[in-house]
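Note sheet for the following structure.
The values are calculated or read from the model by the stated rules, or taken from the named source; none is laboratory data. None of the values given here were measured: they were computed from a predicted structure. Note that each Cβ is placed from the backbone with ideal geometry, even for glycine, and that neighbours are counted across all protein chains shown.
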Amino acid sequence: MKKHLNIVIALGCFLLSQEAYTQKDNPSAIDKASVNLMVSKSIELYDLGRVNDAISLLKKAELKDTANWKIQYCMGKCFYDLTMYYAAEECANRAFDLITRLDDAEAGLNELLGNINHRLGRVDVAAMHFKKTAQIMGTKAAKNNDILVYIEQCELALADSKSGVLNLRKPLANSLNTIDAEYAPILTREGKELFFTARRPETTGNNINPDDQQYYEDMYHAIWDESLKDWALQSSTFIDLNTNGFDALSFVSDDGLYGLCTINTSASEKTTKSSDIFEITGETPFRFSAMDVIKNKSINTDYFEGSATQSLAPNGGEGEIMVFITDRKAEDSGMDMFVVSKIDGTWGTAKALPKNINSLGDETTPYLTNDGKFLFFSSNSLPGYGGYDIYYCQNVDGVWSAPVNLGLAVNSVNNDTHFQFNPKTNQGVFASICQNGDYFSYDIFQADLSKMPYPFVTKE
């Protein structure tokens, strides 16, 4: 239960920091020098992704200097990255009380409080803090630091919320959603088979990712039990396929004999250099037995590749197409989506989707409808409500339309990803950040879109 221990450790550090805050000792000059060194080291640890180590060091610094706003600010950023937003808010507010002058530091505090309130759904409060940040920074710096984008996201969310559109999401499976991260749902066989990816304590190899202190990924399978009216996990489905690294399923064919997954063993078994796309197959529907890397140098490179989806070529074209994500052009445009054709079992050359779809930020978790006419994906840079929003494009005569935000019926002010749609039932399934006590993590959701005016919805 290492992940849960990390949460407990972080919470323990937070409680100790509250206790330390009640002390009124005045630090000596030597203590201040020591504190400054510890704060600098904690920032280095934070930048390296060692967030819990940074918190531990900040706690020690706080015991020496309880009136140091920078300690509280840095701790707030750490808790924010751990999705412990209430703890982050406590630290940020405390830092705000301690700071004594208006300077660039206050811009950072306002930005942090804006981010926290944004994630907590207090959009009007978030907008206030972001506008204050922009005022302190100046327009040029605010633009360069995406503050103006955050303001636009808040204003869009506030405007659309007044339209009366209700969010249609419901938990897909309360018995499967836990404090750990569950995402990438694939609901198939008329809603009786569910595949998903999770980062749980029982993950194969029990490895912890040092960047975020969570377990590696494993692929999961569940079957609907009609007698129990609940999902039953099938522990044997991926027992021979899940590795000691990261394993994420992203596509399963309708007949259940073929799928696509992302494997990254670079930090464990070292059978991949980074994240690669694999094909999985089986002789029995939805029971996979083999997994092989796609041997095409334009698909799998030394960079990150994954989250692949497949469909027939749109508009009656030949063969099939696959869309996947890669960071091979990260210096120019973050994570992008690439498309590649498969004709007579042979993969062609992968090419980036148009720039009106691939933003300068990150696009992720694409999904193609079976006929190839609609592409769904998530982006954190296209116009939206905050975090990652879900969008769709329509293929018309071989050309992809501009992305369209699915709106508040599906999206939230937090990360919304891994959307897949069933045109037979008009059901959408996806993942979104959800509150579990004081902790926030991905859960699996579904939404009945049959009454929504989307062009991909099947009309009665």
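Structure summary
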| quantity | calculated |
| --- | --- |
| Contacts under 9 angstrom Cβ, first residue in the stretch 166-184 being assigned by TED's automatic domain parsing to the domain that holds Asp438, partner modelled with pLDDT under 90 and assigned to a loop (DSSP other than H, G, I, E, B), 6 or more apart | Ile179/Gly437; Glu182/Ala173 |
| Strands (runs of 3 or more DSSP E) completely within the stretch 305-354 that count 1 or more residues being in the same structural domain as Ala184 (by TED's automatic domain parsing) and in contact with a helix residue (DSSP H, G or I) (Cβ under 8 Å, 6 or more places away or on another chain) | 320-326 |
| Any hit, the stretch 63-73, residues being under 22 Å from the mean Cα position of the chain (by Cα) and part of a helix (DSSP H, G or I) | no |
| Test: Asp276 is farther than 18 Å from Trp400 by Cβ and surrounded by fewer than 16 Cβ atoms within 10 Å (Cβ to Cβ) | no |
| Test: Leu375 is touching a residue at least 40 places away in the same chain (Cβ under 8 Å), in contact with an Asp or Glu (Cβ under 9 Å, 6 or more places away or on another chain), more than 23 Å from Asp180 (Cβ to Cβ) and in the same structural domain as Glu182 (by TED's automatic domain parsing) | no |
| Qualifying strands (runs of 3 or more DSSP E) (wholly inside the stretch 364-447; at least 2 residues being surrounded by fewer than 20 Cβ atoms within 10 Å (Cβ to Cβ)) | 389-396, 427-436 |
| Lone qualifier among Ala87, Ala107 - being in contact (Cβ under 8 Å) with a residue 12 or more places away in the chain, assigned to a helix (DSSP H, G or I) and under 24 Å from Asn436 (Cα atoms) | Ala87 |
| Complete set of residues in the stretch 23-49 that are charged (D, E, K, R) and either crowded, with 19+ Cβ neighbours inside 10 Å or at pLDDT 90 or above (or both) | Lys41, Glu44, Asp47 |
| Candidates Ala126, Ala105 - the one that is under 16 Å from Cys154 (Cα atoms), in contact with a Lys or Arg (Cβ under 9 Å, 6 or more places away or on another chain) and not assigned by TED's automatic domain parsing to the domain that holds Asp438 | Ala126 |
| Boolean, Asp397 is among the acidic types (Asp, Glu) and either in contact with a Ser or Thr (Cβ under 8 Å, 6 or more places away or on another chain) or more than 27 Å from Asn356 (Cα to Cα) (or both) | no |
| Residue, nearest to Thr197 (Cα to Cα), within the stretch 211-231, restricted to residues that are in a loop (DSSP other than H, G, I, E, B) and acidic (Asp, Glu) | Glu217 |
| Residue in the stretch 413-420 that is out of contact with any His (no Cβ under 8 Å at 6 or more places or on another chain) and of a type in the set (A, V, I, L, M) present | no |
| Verdict on Ile147 being buried (at least 20 other Cβ atoms within 10 Å of the Cβ) and over 21 Å from Tyr86 (Cα atoms) | yes |
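Rundown of residues vs (1) at pLDDT below 95; (2) on the phi > 0 side of the Ramachandran plot, yes/no style:
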site: Thr349; (1), (2): no, no
site: Ala352; (1), (2): no, no
site: Asn356; (1), (2): yes, no
site: Thr365; (1), (2): no, yes
site: Phe376; (1), (2): no, no
site: Leu382; (1), (2): yes, no
site: Tyr388; (1), (2): no, no
site: Tyr391; (1), (2): no, no
